[in-house]
Structure formats: C-alpha cells, structure tokens
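Colleague: Below is the structure I would like to discuss, written out as structure tokens.
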Amino acid sequence: MPGRITVVTAVHAPSARFLPEAHKSLCEQWLPDGWEWDWVIQEDGATDAVRPYVPDDERVSFRQGRPGGPGIARTIALAHADGEYVKVLDADDQLPPGTLARDLAVLEADRTIGWTTSRVLDLLPDGTTAGFPGDPDEGPVERGAVLSFWRENGFRAQVHPATLFVRRDLLTALGGWMALPASEDTGLLLALNAVSRGWFSAEVGLLYRKWEGQATGQASHVDPAERQARMAVAEARARALADFGWTYPAGD
C-alpha cells in the first residue's frame, strides 16, 4: 500500500466557493514515489450550499454533520483520515507547489520531529500577496518554545497553525483540535509543542486568503471576555501536558 497524507478541511457555506481553488493547489503538489494524498472535506453543518463546490475527484470525500465550529469539524473528519500524516488546509486557503513534499521529507527524515509549520503569505482580494516580518529561522522548534513566544507576544505564535502537518497518531493522542469557538488550531499547536519538537520551513507553505467573510475577521473573534477564556484554556492544557512529562517519541 502507498504511503498517504490525508488533507483535512473544515468548510461552511460562506467559504465553500473557494474549494475549487484549494483543490487546484492540491493537484499541483508532487510527492515522492510510493506516496499519495487524499482530501477529507467536512462541512460544519448540513446545508445544500457546500456540495456543489466539492470537486469531482476520487481522492476527495465529503461529509456533513451538526455545526460545532471548525475544530469540531476537523476532529470528526479524523474518523476518515487513514494516512500516516495529516495536513491542515482551510477551505479558503491554498498550498503553493512543493509544500506537501517538503513537509513529508522533514518527518520522514527525523522521527523526533512530530509536526511541521511553514512561512505564510496573505492572499489579498486583488490577487497580490503580502508577507510579514518575524518568522523564525528554518529548523527545529524545540519543546515549549511556542508557548513561551506566545505568552510574551500578545498571544501570537511565531509559527502559523494553519500550516500544520502532523503525525496522525500524535494528533489523535492529543484528541484533535480543541473544542473552542475559535483559536482551536492555536490550542492544538501549543499542545503539540508541549510534548514534541516541531519544525519551521522558511519556504512559503500557505497562501492565507484575506476576505470579508472569514471567521477571524468577525467582531466575535476579538470579544475580550471570550478571547481571554480561550487563551486561558489553551495555555492550561499546554502547561499541564508539559508538567505531566508525556513526550513524543515516548521516553524522550
């Protein structure tokens, strides 16, 4: 059987129209001999608005469920992720060519690395892209480094959780994404870094679309009381994991 990377996408009606572009970016990926990808799309809800945009491709599966937010949708999608690795791809984003191959090469080469992230460019409404300063150097992200940076820099991580590529067994051991209304991916990133080393690639690994309907652009996303609660829970989980001493690989 070939090795497999399962790409997991949570989608809701407003972002469904971007699925064909995300699919195009997947079709432009290349992988070494003996590897393939499949794409699990999980709607956060059960409407008639998403299915028309799901690509007709045997590598793509589409399912629906009761709404609970993107973290719930991604975690439910893990029931159908049978690849050794899981790659996150939000419905409105795109992967530059070569991204999957780079991610795969890092984890195949070093069993002590549990996950990878990469540089991000914002994809603006006019089709242009924009970067931002402050990316770390390419290389390992040591255990605890993400939490420390996040705490010292206004709850902003130095690596982007939307670029995550992770070992499936490690992801499932941590329970998938956090059951939060937002920041569920940051919470997972903090937990992963509490128990395992990661990697940052300085090559662009994601085009992060900026548009009016995206969830992170809504007023509710920055509600002070909710944001404080989200950050508190995410930090508590990461600190507890670190204190318990459970690590990946086991015994390290």
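Colleague: Scan region 121-131 and tell me whether some residue there is in contact with a helix residue (DSSP H, G or I) (Cβ under 9 Å, 6 or more places away or on another chain) and either farther than 19 Å from Trp37 by Cβ or not aliphatic (A, V, I, L, M) (or both).
Modeller: Looking for residues that are in contact with a helix residue (DSSP H, G or I) (Cβ under 9 Å, 6 or more places away or on another chain) and either farther than 19 Å from Trp37 by Cβ or not aliphatic (A, V, I, L, M) (or both), one finds none in region 121-131, hence no.
Colleague: Could you list all residues from region 71-98 that are open to solvent by less than 20 Å² (accessible area, probe 1.4 Å), in a strand (DSSP E or B) and farther than 18 Å from Leu170 by Cβ?
Modeller: None; the set is empty.
Colleague: Restricting the search to region 146-163, which residues are under 18 Å from the mean Cα position of the chain (by Cα) and either aliphatic (A, V, I, L, M) or modelled with pLDDT of 95 or more (or both)?
Modeller: Val146, Leu147, Trp150, Ala157, Gln158, Val159, His160, Pro161, Ala162, Thr163
Colleague: OK, next. When the residues of region 57-70 are narrowed to those that are touching a strand residue (DSSP E or B) at 6+ places or on another chain (Cβ under 8 Å) and either open to solvent by less than 30 Å² (accessible area, probe 1.4 Å) or of a type in the set (Asp, Glu) (or both), which ends up farthest from Gly175 (Cα to Cα)?
Modeller: Asp57
Colleague: Among the residues of region 159-202, write down those that are under 12 Å from Val141 (Cα atoms) and open to solvent by less than 30 Å² (accessible area, probe 1.4 Å).
Modeller: Hits for region 159-202 are Val159, Leu189, Leu190, Leu192, Asn193, Ala194, Val195, Ser196, Gly198, Phe200, Ser201.
Colleague: Given the residues Ala101, Ala10, which is the only one that is in contact (Cβ under 8 Å) with a residue 60 or more places away in the chain, assigned to a strand (DSSP E or B) and open to solvent by 10 Å² or more (accessible area, probe 1.4 Å)? If you could, list the steps in order and put the result at the bottom.
Modeller: Details: Ala101 fails: assigned to a strand (DSSP E or B).
Going through Ala101, Ala10 in turn, just one is in contact (Cβ under 8 Å) with a residue 60 or more places away in the chain, assigned to a strand (DSSP E or B) and open to solvent by 10 Å² or more (accessible area, probe 1.4 Å): Ala10.
The values are calculated or read from the model by the stated rules, or taken from the named source; none is laboratory data. Note that the coordinates shown come from a computational prediction; the quantities given were computed from them, not determined experimentally. Every residue, glycine as well, gets a Cβ built from its backbone with ideal geometry; the counts of neighbours run over all protein chains shown. Note: accessible area is taken over every heavy atom of the protein model, side chains too, but ligands, DNA and RNA are not part of it. Shrake-Rupley method; radii C 1.70, N 1.55, O 1.52, S 1.80 Å.
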